[in-house]
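Before any comments, here is the structure.
The values are calculated or read from the model by the stated rules, or taken from the named source; none is laboratory data. Note that the structure is predicted; figures quoted are calculated from it, not measured. Glycine gets a Cβ as well: all are built from the backbone with ideal geometry, and neighbour counts include every protein chain shown. Keep in mind that these areas ignore ligands, DNA and RNA; they rest on the heavy atoms of the full protein, side chains included. Shrake-Rupley method; radii C 1.70, N 1.55, O 1.52, S 1.80 Å.
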Amino acid sequence: MKKFDKPIYVTRPFLPPLEEFTEGLKEIWGSHLLTNRGPILRRYEQRLSEFFDTPNVCLFNNGTLALQIALQAMGISGEVITTPFTFVATTHALYWNKIRPVFVDIEPDYYTLDPEAVEAAITPWTTAILAVHVYGHPCKLDALAEIARRHNLRLIYDAAHAFGVTVDGKSICHFGDMSLFSFHATKLYHSIEGGMLSFQDAGLKITLDYLKNFGFKNETEVVMPGTNAKMNEFQALMGILVLRHLDGLIERARKIDAVYRKRLKEVPGIKFPPTQPNNVAYNYAYEPVEIIEEEFGMSRDALYQKLKEFNVHSRRYFYPLLCDYACYQGLSVKDPLIVSRRVAERILTLPIYDDLKIAEVEMICDIIQQIHNDLG
Ligand SMILES: Cc1ncc(COP(=O)(O)O)c(C=O)c1O
C-alpha cells in the first residue's frame with residue numbers, strides 16, 4: 001500500500017490569489033492605518049453585516065476573546081449549561097468570566113447539546129445555555145429556544161464552526177441571543193485569526209465596542225474596564241478576500257465529503273453523521289466519523305496512529321471531553337455524559353480542505369479500507 005510522500009493534515013488554510021492580497025496591502029501602505037478601526041475593518045464589518053443580513057455584528061481579533069466579551073457584555077453569571085464536546089475555548093470563556101460550566105450530554109447524530117439533558121440540569125443559578133454548532137451542525141434550535149424561553153435563560157451559540165450555514169434560508173446567526181464565529185486560519189472561512197459576534201439586541205453593540213477597545217469612549221473617557229481584542233487591518237483584508245471565495249470553498253468541501261461518504265460507506269465500523277435535512281445549507285467544514293472498534297476491528301486510537309504511518313494526520317476532535325482536562329476535573333459533573341463519552345472515544349476527523357484533491361481523498365479511503373482488510 002502506497003503512502004503519501006507529503007503529510008496530509010486535517011486542514012490547510014485557504015489563501016486567496018497573492019495579487020489580491022498585495023493589492024490590498026497597497027491601501028494599508030498608503031494609509032499607514034494598521035489597526036484601531038481602520039477603513040478596511042469598517043468595510044469588512046459592512047460586508048459581513050450584508051452577508052449575515054443583520055446590522056448587529058462586531059469584529060474581534062479572535063473568537064475566544066469575542067466569546068469572553070460577549071458573556072461579559074450580556075452580564076452572564078452563576079451557572080451556564082454547556083457541552084463537554086467542543087474546543088476548550090468554549091469553556092475557558094466561561095471560566096474567565098467566573099461562571100460555573102455545567103456540562104450535559106450531546107445527542108448521538110450531530111453531537112450537539114441534548115435539549116432534554118439541558119432541561120434536567122437547570123437550577124436556580126442557571127442564567128444561560130451555551131450551545132455549540134459543533135462541526136457546523138446546527139443545534140436543536142427550536143427545542144433550545146423553547147427551553148430558554150420557558151426558563152428565562154439567555155441562549156448563546158458558539159458558531160465557531162458554522163460560518164455560511166443557513167437554516168430555512170436564514171443564517172445560523174439569527175438563532176439565539178448571541179452567536180460567536182471564529183475566523184481562525186484552521187477554519188473553512190478565515191481572516192488569519194479573527195472572531196465575530198452577532199446578536200439580537202442592537203443595544204449591545206456599543207458595549208462590545210467599548211469592551212474590545214480598553215473601554216475607551218473617547219480620548220479622555222474610559223467607561224468600563226475593557227481589554228484589547230481589536231481586529232487589525234491585515235486580518236480584515238484577508239477576511240474580505242476569503243469571503244469572495246466562500247461559495248467555491250463550500251462547494252469543493254461538499255464534493256470531498258461526497259467522496260468520503262461514498263467510498264467509506266462499505267467499510268464496516270465507520271459511521272458518518274446523517275446528512276443534514278433539506279432545510280439546512282451545510283458548510284462541510286469538518287469530516288467527522290465514528291470508528292466502531294467491534295466492527296472496524298481496530299480502535300479509533302489505533303487507526304489514528306496507523307494512519308500516520310501513511311502520512312495521513314487525522315485529528316481526534318473532540319477528545320478528551322473538556323470535563324476531563326486537568327483544569328476542569330475539580331468541577332462536579334452530575335450528567336453521566338453517556339453519549340459524549342462514547343463519541344469522544346470513537347470520533348476521528350478526516351482531512352478536508354480546499355486544495356485536497358479528489359484523488360488524495362480516494363487514496364485516504366483506499367488506505368482506510370486496506371487497513372481494515374488487513375485485519376483479516
Ligand atoms: C468551538 C470553538 N469555539 C471557540 C473557538 C475559539 O476561536 P479562536 O481560535 O478564533 O479563538 C474555536 C476555535 O478555535 C472553536 O473551535
Packing-based ranking, highest mean first, of 217-230, 355-368 given that Cβ atoms within 10 Å are counted: 355-368, 217-230
Report, for the chain, the % of DSSP beta bridges that are antiparallel, rounded to 5. 55 percent
Two-site FRET efficiency, residue 332 against residue 49, from Cβ-Cβ distance with R₀ of 41 Å, rounded to 0.05: 0.45
Simple Cβ-charge dipole of the range 236-376, Lys/Arg +1 and Asp/Glu -1, about Cα centre, in debye nearest 20: 280 debye
Please report the spacing between the Cα centers of the range 170-234 and the range 115-133 in Å, no decimals. 24 Å
Neighbours of residue 17 by Cβ distance under 12 Å: Lys/Arg at +1, Asp/Glu at -1, summed charge -2
Whether the range 160-222 is rounded, prolate or oblate, judged on the alpha carbon gyration tensor where a/c under 1.5 counts as rounded: oblate
For a label point 7 Å from the Cα of residue 358 along Cα→C-beta, name the residues of the range 241-259 whose backbone N is under 15 Å from it. 251-259
Looking at the range 1-150 from every direction and averaging, what is the projected area of its Cα convex hull in nm²? 13.9 nm²
Between beta-carbons, use under 9 Å as the cut-off and find the net charge around residue 269, counting Lys and Arg +1, Asp and Glu -1. -3
Give, in nm to one decimal, the length gained when the segment between residue 251 and residue 174 is fully stretched (0.36 nm per residue of separation minus the Cα-Cα distance). 25.4 nm
Per-residue SASA entry for residue 205, accessible area with 1.4 Å probe, Å² rounded to 10: 40 Å²
So, with a 1.4 angstrom probe, what is the percent of accessible area on the chain that is carbon and sulfur? 53 percent
Using 7 Å Cα-to-Cβ label points, what is the residue 21/residue 305 separation (nm, one decimal)? 3.8 nm
Looking at the chain as a GNM with Cα springs under 10 Å, which of 17, 55, 351 has the largest mean-square fluctuation? 17
Once the dipole of the chain is set up from charges on Cβ (+1 Lys and Arg, -1 Asp and Glu), the residue from the list 319, 137, 272 lying farthest towards its positive end is 319
Of the residues 97, 41, 338, the Cα lying farthest along the dipole of the chain towards its positive end, which is defined by charges on the beta carbon of Lys, Arg, Asp and Glu, belongs to 41
Which values, in whole Å and largest first, are the semi-axes of the equivalent ellipsoid of the chain obtained as the square root of 5 times each eigenvalue of the Cα gyration tensor? 34, 28, 17
Give me the accessible area per residue for the chain, probe 1.4 Å, as a whole number in Å². 45 Å²
Treating the beta-carbon of each Lys and Arg as +1 and of each Asp and Glu as -1, no other charges, what is the dipole magnitude of the chain about its Cα centre, to the nearest 20 debye? 400 debye
Whenever you get a sec, line up 5, 201 from highest to lowest accessible area (probe 1.4 Å, protein heavy atoms). 5, 201
So, in nm, how far is label residue 223 from label residue 36 when the simple model puts each one 7 Å beyond its Cα toward the Cβ? 2.0 nm
With +1 assigned to the C-beta of every Lys and Arg and -1 to the C-beta of every Asp and Glu, and no other charges, what is the dipole magnitude of the range 298-364 about the Cα centre in debye, to the nearest 20? 300 debye
Compute the distribution of all C-alpha to C-alpha distances in the range 38-126, in bins of 10 Å from 0, and list the percent of pairs in each, rounded to whole numbers. 15, 35, 32, 16, 2
